[in-house]
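A short worksheet on the structure shown next.
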Amino acid sequence: MQLSVIILNYNVRYFLEQCVLSVQEAIATLDAEIIVIDNNSTDDSCLMMEERFPSVKLIQNRENFGFPKGNNIGISQAKGKYICILNPDTVVAEDTFIKILAFAERQANLGIIGCKLIDGTGNFLPESKRGIPTPWVALTKVFGLYKVFPKWKLFNQYYAQHIKENETGKVEILVGAFMFIQRDLYLELGGFDEDCFMYADDIDLSYRALQKQKSNYYFHEVTVLHYKGESTIKDEKYMNRFQEAMNFFYKKHFRKSWFFTFFIKIGIIVFSFIKMFQGKSKAKALPERYIFYSSNKILSEKLPSILKNKVVFLDFKKEKMVNSCLILKDAKAEIILDNQYVSFKKCIKIIETLKDKNITFKIFPKNASFIIGSDSRDDRGQIIKIE
């Protein structure tokens, strides 16, 4: 088997449904499997999987084992030469795995491959490629020095700014939302370290691959939509676990000293508070209009009553995207993309191309009963049910 896609889920039933649907489309021509591990969700994630995706392997844990152990459980049953660790709040394009498999086969001494991640508004997620968070690198992140001096190598290592957003190259650290690795190497590394509940596990695995003299890559030719805010509510529990995770990484890989310990403690507290308050949801103005990109005329007539707002219907088979831009000019609008007619690859491309502070996006997944999306990388996302 070529590939095993591993998806660890916890209480994100609707995002999981869309994710699995997109992965199914992406592995249609491959010898591949999907393994979903549920970490004791309290929503109806497992029921949905059994009803909608009966052929997908589902592992139901009886407790929340955390990110490392949950993924390790799934990978222990994987059969693919390669594995892809994938967050449930992601959407992949139909050619994602074809492209990345071809790239992987061309590399010697391969470690882990990451890809270009964008959020639900189309903005690039800089954590797609990172450097090793040494005390100095962490300092430049905490105090925003990488923004002040983006061209200075001394300050721009946290987000691996030596590699451009649209450039493929070697990087040190990749993010756990999308990690592509040979199964044999993953097992050789011992998988994710289960002493870390979450948050530093991807840094640790990437770092251990480097210690094995492997090369990690950021592969920009694959773009994946990552809603990001959905998997974790950034509250006090988040802050505590983030501190524990960073303490775990530094204790494991760096020599301790008084200055080091003091700096890390202060830095983690500051950074954790920043992350926690970034996650506070803010009141957002409702769109002035909705643009429904579809060929489903009947549904377009139902949407105004569901959304309680004006809906402009654009027939995807007839309209050009430039027409959408003219309609959206100087207006706060939301584009709804009907996946029955607009492929996931096209959805991702549209979101990335039309990104604008006045435009938000939702996807109506194929054969689903909901519209889904996120207006910010820090919120939990929005679900609109279509009865």
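Read-outs: derived from the displayed coordinates by stated rules, not from any lab. Small disclaimer: the values here were computed from a predicted structure and weren't measured. Methodologically, a virtual Cβ is constructed for each residue, glycine included, from the backbone with ideal geometry; neighbour enumeration extends over all protein chains shown.
Computed from backbone phi with θ = phi - 60° and the Karplus coefficients 6.51, -1.76 and 1.60, the 3J(HN,Hα) list for the range 361-367 is 9, 9, 10, 9, x, 4, 6 Hz; x is used for glycine and proline. In sequence order, the range 145-160 has phi-based couplings of 5, 5, 7, 6, 10, x, 9, 8, 4, 4, 10, 10, 8, 4, 9, 6 Hz under the Karplus curve 6.51 cos²θ - 1.76 cosθ + 1.60, θ = phi - 60°, and Gly or Pro positions carry x. Amide H contacts of ILE371: ILE384, LYS385, ILE386, each under 5 Å away and 5 or more positions distant or on a separate chain (H built 1.01 Å from N in the peptide plane; Pro and chain starts excluded). Here each label is just a point 7 Å from Cα along the line to Cβ, and for LYS297 and LEU185 those points are 5.3 nm apart. Coordinate range of the alpha-carbon atoms in the range 104-208 per principal axis, descending: 41, 32, 29 Å. Phi angles of the range 37-51 translate, via the Karplus equation with coefficients 6.51, -1.76, 1.60 and θ = phi - 60°, into HN-Hα couplings of 10, 9, 8, 6, 5, 9, 8, 9, 4, 5, 4, 4, 4, 5, 7 Hz per residue; Gly and Pro are given as x. Counting only residues 5 or more places away or on other chains, whose amide H sits under 5 Å from the amide H of VAL5 once H atoms are built in the peptide plane? Here the answer is GLU33, ILE34, ILE35, CYS84, since their amide H atoms fall under 5 Å of that of VAL5. Between ILE266 and GLU387, the contour length at 0.36 nm per residue exceeds the Cα-Cα span by 38.6 nm. The length gained on full extension between LEU58 and ASN109, counted as 0.36 nm times the residue separation minus their Cα-Cα distance, comes to 15.1 nm.
Sorted from longest to shortest, the spans of the Cα atoms of the range 42-150 along the three principal axes equal 52, 39, 29 Å. Based on every Cα atom in the range 1-84, Rg and the maximum pairwise Cα distance Dmax equal 12.0, 35 Å.
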